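Data first, discussion second: the structure below is written as structure tokens.
The values are calculated or read from the model by the stated rules, or taken from the named source; none is laboratory data. Not measured: the values here are computed from a predicted model. A quick note on method: Cβ atoms are made from the backbone with ideal geometry, for glycine too, and the neighbour counts reach across all protein chains shown.
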Amino acid sequence: MVELVVPTPNLEVLKAALDSGADSVYVPITKKVSIRFGSSFFSLGEMEKAVGYAHDLGKKAYVVVNAHVRDRGLEDFQRTVESIYSAEADGVVVSSFGVIDWINKHYPIKIIASGVASAISPEDALFLKSLGVTRVIIPRLRSLQSIKEYKEKTNMEVEVYVSGFICSAWDGKRCFLPSLLYDVGTESGLCIPKDVKRVSGLYLAGDHPIRSVRLGTDSFSTRHGSVGIEGQGLITPCIGDYIVKCGDDSIKAHLMEFEVQCDLAAIPYLIKNNVDSLKVVAEVKSLDYIKKMVEVWRKAIDAYEASPESWKVEEGWIRALQAAYNLPIRLDSYFKGGC
Amino acid sequence: MEITVTAYTYPEVEKWVKSGADSIRFGEPHCYLKALRDWDEKKIRKACALIESSGKKAQLQLLVAPSSREEIEYTRNLCNLASSNGIDLVLGSLGMLKITNSCVAGSYIKAYNRLDLEVLSRHGVRIVSISPDLAKEEIEGLIRNAPSMLFEYQIHGPVSLMTSWKCFLRQMCPAEGKGNCSYVCTGYIRMHSLSGEELFDVNGNSLATSRDLCMLPHLGELFDMGVSIGLIETRNREYDNCIIDVYKEAVQDPGNFEYLKRLRGNFLDGWYHGKEGNSFCLGRKVDE
């Protein structure tokens, strides 16, 4: 049976995801070793509770330690892995190939290569397998044919993104945009710090382009007005709304379209080709959003497994997801060929 | 310190063999990330012969991971071609370490700590390209932990928004081949309202920064740390020749800021001083 996995930023969301039908959850632990989710991370104590909660339900919890760890953070990192192992987590999600190698030598724990590990071809996946990886998360929007090749060529467990925001770095490699915007290091892979809600600044409007607006730790620049970053619902800076003020008017603008990948229609192909896990990324929104999203995916997977011949994407699922997302959704990314 | 320079076209290779560069790095259309055109195996051989005859070293860059059977076969042929001609291969993904050895790990292979270096060393990597987002102390530590390896660092040229096989920004523009990058993020990006009114351009002129990285004032430090190869990413301009010459002279005389005067514009020193993304964005001059 294909596994429905949901990354979660905190215990509340984790419980909602598991209660709504997720088979497993990702548990990002401390911001030094995990990326994404702003500054929402599980402490070591919360991680133990999360693992316990999942196990009580007969489900799984994988702990995410996928930061691009530097030498100065290695000792901390290694202690964290010891804690994860002691907590009897079902696996670790890692990106650094050196760290994968080290974990494999020291702990008999399942190692999942994070999307950030950039296994952009089956050959990359095979290399990671030789270091001890048993499951590979395929970078976003590879074609259906290439997903099939991963499975055939590597005989590894394969996990595929099927839902979530589409950001500028499709393969999850390093994006420097947050570092340029928020004065944070690049090692965290942080998309947006939680405490950045809104930035507004003033500068002289006039004929001359203004180089920058600096307020607090955030800096931006524009030639026509002050720029703000709206914190509500903003997950990644490349798709965030920027409030541009032109005189008394405020206009919302963004670099990339807000669009949610939602590949329900790919379920038959992915299951037929023995994909092991479908990853539904529940970005930090309301609990209701998480619950609805997971419920729809659960129903869709169960319906296919119960009756593959008569399965089709139901209108009700799409309506429920559209209501939950309140954003444009893309239903056929994989059928457009991927990349 | 040796100077390596990138060439995007065959005429550029011809140009750089007359320059002060010690090595010339070039690629071919199926494997290279940047905007390369008009390469085929015959031309690769010709370029290699030209570079070798000038007493310089040729490096063949294989950045994009091959995924289809044809691409893998093609990559194998290139690896064979490189090894039979004693040419270094510059790799961009881990999977290719299974195909070849004795190579350069490009910055797309994310070597951030000593454990990463151990794995690379075990797989025959001799030269590691240091990631541009590492700070001075981190570079120092990395090099100290791998005395048997050589380290390359980008000393001049554009720094992109991300190191990614597939950058969505590039998708927004006409692209050829896999992950073809022409530094869209360092170009002039403007945003318009639906009615056509210009809204704003991030960073005044570009998403990342249009200013080039310039490590000229830090050459001495880099050399003392153990960086033995300086990489100059070119922008396909006549002016690139001047940049190469300046650096070639500067490596003989590190610490002499007079060389800066021969370079045009304001430059940045990236993340060298730590997590100063804002400084990078705002364009602190390197001589400030």
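Considered as a group, the residues in the stretch B:244-255 that are in a helix (DSSP H, G or I) and not acidic (Asp, Glu) include one that is surrounded by the most Cβ atoms within 10 Å (Cβ to Cβ), and that residue is B:250.
On the basis of being on the phi > 0 side of the Ramachandran plot, modelled with pLDDT under 95 and among the aromatic types (Phe, Trp, Tyr), does residue A:37 make the cut? Yes: the conditions hold for residue A:37. Here the stretch B:256-276 is the region considered, the condition is being of a type in the set (Phe, Trp, Tyr) and in a loop (DSSP other than H, G, I, E, B), and the residue that is nearest to the other protein chains (Cβ to nearest Cβ) is B:271. When the stretch A:46-68 is limited to residues that are assigned to a strand (DSSP E or B) and touching a Gly at 6+ places or on another chain (Cβ under 8 Å), the one that is farthest from the other protein chains (Cβ to nearest Cβ) turns out to be A:60. From the list A:81, A:99, A:116, the lone residue that is closer than 21 Å to residue A:281 by Cβ, within 14 Å of chain B (Cβ to nearest Cβ) and assigned to a helix (DSSP H, G or I) is A:116. Taking residue A:71, is it within 12 Å of chain B (Cβ to nearest Cβ) and touching a Lys or Arg at 6+ places or on another chain (Cβ under 6 Å)? It is true that residue A:71 is within 12 Å of chain B (Cβ to nearest Cβ) and touching a Lys or Arg at 6+ places or on another chain (Cβ under 6 Å). Figure legend. Inter-residue proximity from the stretch B:127-139: first residues buried (at least 21 other Cβ atoms within 10 Å of the Cβ), second residues acidic (Asp, Glu), beta-carbon distance below 6 Å, spacing 6+ or different chains. Indicated pairs: B:129/B:152. Checking each residue in the stretch B:56-91 for being at pLDDT 80 or above, within 13 Å of another protein chain (Cβ to nearest Cβ) and closer than 19 Å to residue B:233 by Cα picks out only B:91. Filtered by the rule that a residue be surrounded by 24 or more Cβ atoms within 10 Å (Cβ to Cβ), without any contact (Cβ under 8 Å) to a residue 60 or more places away in the chain and not in a helix (DSSP H, G or I), the stretch A:84-94 gives A:92, A:94. Restricting B:258, B:288, B:221 to residues that are surrounded by fewer than 19 Cβ atoms within 10 Å (Cβ to Cβ), at pLDDT below 65 and not β-branched (Val, Ile, Thr) narrows the list to B:288.
Looking at residue B:97, is it modelled with pLDDT under 85, within 20 Å of the chain's Cα centre (by Cα) and facing chain A (nearest Cβ under 10 Å)? Judged against the criteria, residue B:97 is a match. For the stretch A:119-136, the tally of residues that are on the phi > 0 side of the Ramachandran plot and either part of a helix (DSSP H, G or I) or within 19 Å of the chain's Cα centre (by Cα) (or both) stands at 0. Restricting attention to the stretch B:136-153, the residues that are farther than 19 Å from residue B:232 by Cβ and under 17 Å from the mean Cα position of the chain (by Cα) total 0. For the stretch B:113-123, the criterion of a residue being modelled with pLDDT under 90 and either within 11 Å of chain A (Cβ to nearest Cβ) or under 25 Å from residue A:127 (Cβ atoms) (or both) is satisfied by no position.
What is the residue count in the stretch A:303-324 for residues that are part of a helix (DSSP H, G or I) and touching a residue at least 24 places away in the same chain (Cβ under 8 Å)?
8
One residue is enough: does the stretch B:232-243 have a residue meeting the conditions closer than 20 Å to residue B:127 by Cβ, in contact with a strand residue (DSSP E or B) (Cβ under 6 Å, 6 or more places away or on another chain), outside any loop (DSSP other than H, G, I, E, B) and not β-branched (Val, Ile, Thr)? Among the residues of the stretch B:232-243, not one is closer than 20 Å to residue B:127 by Cβ, in contact with a strand residue (DSSP E or B) (Cβ under 6 Å, 6 or more places away or on another chain), outside any loop (DSSP other than H, G, I, E, B) and not β-branched (Val, Ile, Thr), which makes the answer no.
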